Amino acid sequence: MLRPYDLLTLLLQPVLVLVVSTAVAGELFAQEIAQQAVSPESQPAATDVSSSAQAAPADVPTSSANEASATSSQSGDTEGATEGQPVAAKQAEFKLPPPPPQTGPKVPFEMQRYQVELPIVFQPHAKLGSQARKSILSDLQSLIDRSVGPMWDLQISEPDWITPRSKAGLERITVENLKQRAVEFRFATAIREQLSVYSKGAFPVKSDEPLSDEMRIEIREILGSTDNDSRQPLITSLVQKIASGHAAAETQIDTVSEVVHLYLTPAPLNVDKIFPVSIEMQGGSYVICAREWDRESELLSSVRTRTTIDRRTIATQILRLLGEVFRPVVQIDEATPTSARIRFKAGEYPPADPAFAQVTKGSMYVPFFRYLDRNKVTQKLQFLPWSYITATEPERIRANCVLDTGVKTPLGSFKRRRMELRALALKPYLQYTSLTLVPKRNRTRPLVGYLVAVYDEIPPPPPKSDEEPAEDAADRPKPEIFRSNRYGNVTIPVDPNKPLRWVYVRSGSALLAKFPLVAGAEPQMMVECPDDTIRLDVEGQIVLLQSRLIDTIAKQAMVKAMLTNRTKKGEWDKVDESLDEFDALPTIKSFEKMVFDIQYPALKKAEARHDRSSESRIKKLGQAVLKVARLHLDQEKIDEFREEIIEQRRLENPNASDSRSAPGQR
C-alpha cells in the first residue's frame, strides 16, 4: 500500500521534469545568443557603432549621439552584418525619457510664502521723473519689508503692458489678460530653470529683458496646440532662442525640450498675488490706484483709490491701498454643515502691520473648490453660492469658523482627489449691494414686484395654522421689506452692526429663495429664483375658484335658512322651489373636478421641467381649496338636511306624492 508521501511524489514527478527541461532549454538559448553577440564576425559592426558615436561633434547632446549611433548601425555595410547586429540596433534605438523636474520637499500650507508681483506705472509728468520714481519704489520696498515682512516674497517692477499709465489703464485690465501674461512668463521661466539645471548652473534663471512679443506669440501657439507632433518642434525652436548665446545650454536643447514637452506644458503658476498700481497727477494732487488679482481664485478686485498732495507720502498711501485690497487665502481642513476649521497661508509669518493680518475675530471668507490635473494646473473653479465662513476663534495659524450657507450640500462632502478646498477673504467696502431677481430658466426676464425681506438672523418657522402660539413665545423679528422694481432690482443697504444678514424672497405666500448676504462686498449680484410662472397661473385660477366656493357656501346657507323658515310655515309650494334651488348648487364632486382641471396641465408642465417645488406648491393650493369645500359642502350633511325637510313634509301631508323621496338625488 502506497503512503501519502509516495503518492504525492508520483503525481508531481511529471511536472518537475517539465520545469527542469524548460529551464535548461532557456539557459542554453541564452548562452547561444551571448556567443553570437561576442563572435569575431560581429566585432566590426560593434566597432562601427562605437566609432560613429565617438565621431559625433562635441556640441551634440548625448541623446543625439545615441540616435546617430543607432542610425549608423542600421545603415552599416550589409557585408559586415551578422545575425547579432539587429539585436544591437534595437538596443541602440531604445532610449528612456528624461526624468521629471525635481521638486523640493513639500512645504506645509502655513509655511508657504505669498509670491507677490507689484507692477507700478507712473504717468509721464515733470513731478514724476526718474529720481522721484526710484525714491518712491525704494521707500515702498522698505515699508513693505517692515510692515509685511517675510509673509510676502515681493518683486517690484515698472511694466510696459499697462496702458494708459493711469487709473484708466488699471480699469482696462481683465482676469484673462493677467492670467495669460502670468502663464506665458511662467512657461519661459520654466524653460530657463531647466536650462540652468542641465547646464549645472551656467545658464542664468532670471533675465533682465522682458519677454518679447514674438516669444509671447510662440508660447501661446505652444500652449494652444493639442497635437504632440506639431508641438514638439515649436518647443525646440523656443528653447533654442532662449538658450542662444550660452554654449553650455545649447548642448542640452534636445533634453530640455523633451522635459518641457513631457512635464511642463503648461507649467503650473507660482505667483500668488499681482497688485497693479498706477500713480498719476490730477491738478496738484497725486492719485494712487491699486487692485488685486488672486491666482487660486482667479478673481480681480475693483480699483481702489487714494489721494495725497505730498509726494513723500506716496509710498505710504500705496502701502495702505495694498492693505485694503489684499485678500488672504485660507485652506479649509475640516467642515460640517454649520462649521469649518481653516488654516492660513504663510500663517507662520505674521505681519507687523494689522492691516495685513490674515484673520481677526469676525473675518469672513468665501469658499471655493479648485480642480487640478496631474501637473497641479487648475482645470476648473467652483464657488459655493451664497456661502460665507466667519472666524469665531482665531489662533496663530488656524481658526474655528461658523458656516452660513444657502445651499444644502455641506463643504465636507466635496472632498476628492486632485481637488483643493480654499476660501478667499471678503472685505466689504461699498455702501450697498443691488440684487437682481431673475428666473433660473430665463435670465433676461426680471421678476417685478417680488417681496424681499431682510432679517438680521434666521427667523424661527411660523406656527402652523392648527397650532396655538405659546404664551411665553418671543416676538418674531421684524424684517426690512423691499420690493423689486420693474428691472427686478432691489438695493440692500449695509448695516455696520450686522454685516451678514438673511434675505427671503417671496412670491405671494410662496418662499422662492433664502440665503445669507454680506451687503457691500459686491456692487451687484444676481439671484436666480425658481420659475414661479406656473404656480402663479394656478394661483390666479384658484383664487377665482375660491371666490366661487365662498359664493356657493353663502348661497347654501341662505337656501337652508329659507327652507327651514318655509317648512315651519307650511309653504310647501315654496319649499319645492327652494329644494330645486338647493339641488342646483355645485357639489363637492364638481369642485374636485374643477380643481383637477386646473392642476393637471400645470402639474404636467412642472413635471416636464423637473420643477418639484412648483409641483408641491400647486398641489398645496388645490388641497387648501378642497379642505374648505369638504368642510362646508359635506355631502352626507347635505343629504341629511334634505331628508329632514322631505320627512317633515310627509308628516304634514301623507297623501302628497313626492319624487324627492330618495335623498342625495339631483
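The values are calculated or read from the model by the stated rules, or taken from the named source; none is laboratory data. Since we're looking at a predicted model, the values are computed, not measured. Don't worry about glycine lacking a Cβ; one is built from the backbone with ideal geometry, like all the others, and counts go over all protein chains shown. The accessibility values were calculated without ligands, DNA or RNA, using every heavy atom of the protein model including side chains. Shrake-Rupley method; radii C 1.70, N 1.55, O 1.52, S 1.80 Å.
For the residue pairs 555/589; 604/627; 440/514; 361/427; 179/380, alpha carbon separations beyond 21 Å are given by 604/627.
Calculated accessible area for region 193-319 comes out at 46 Å² per residue, all protein chains present (probe 1.4 Å; ligands, DNA, RNA ignored). Shown in residue order for region 153-169 are the 3J(HN,Hα) couplings computed by the Karplus curve 6.51 cos²θ - 1.76 cosθ + 1.60 at θ = phi - 60°: 9, 9, 9, 9, 8, 10, x, 10, 9, 9, 9, x, 7, 7, 4, 4, x Hz (x for Gly and Pro). The stretch between residue 158 and residue 445 holds 98.7 nm of extra length on full extension. This uses 0.36 nm per residue minus the Cα-Cα distance.
Heavy-atom accessible area, probed at 1.4 angstrom with all protein chains present, ranks 432, 450 as 432, 450, highest first.
What shape does region 284-422 have by the C-alpha gyration tensor, where a ≥ b ≥ c are the square roots of the eigenvalues, rounded means a/c under 1.5, and otherwise prolate means a/b greater than b/c and oblate the rest? It comes out prolate by the Cα gyration axes. Accessible surface comparison of 161, 293, probe 1.4 Å, protein chains only, largest first: the order is 161, 293. In this structure residue 476 has an accessible area near 100 Å², from a 1.4 Å probe over the protein heavy atoms.
With a cut-off of 14 Å between beta carbons, the residues surrounding residue 428 carry a summed charge of +2, where Lys and Arg count +1 and Asp and Glu -1. Length gained on full extension, residue 511 to residue 308, computed as 0.36 nm times the residue gap minus the Cα-Cα distance: 68.1 nm.
For region 555-610, the per residue solvent-accessible surface stands at 61 Å², with DNA, RNA and ligands left out and a 1.4 Å probe.
Quick check: net charge around residue 278, other residues with Cβ under 13 Å of its Cβ, Lys/Arg +1 and Asp/Glu -1?
That sum, taken over residues with Cβ under 13 Å, equals +4.
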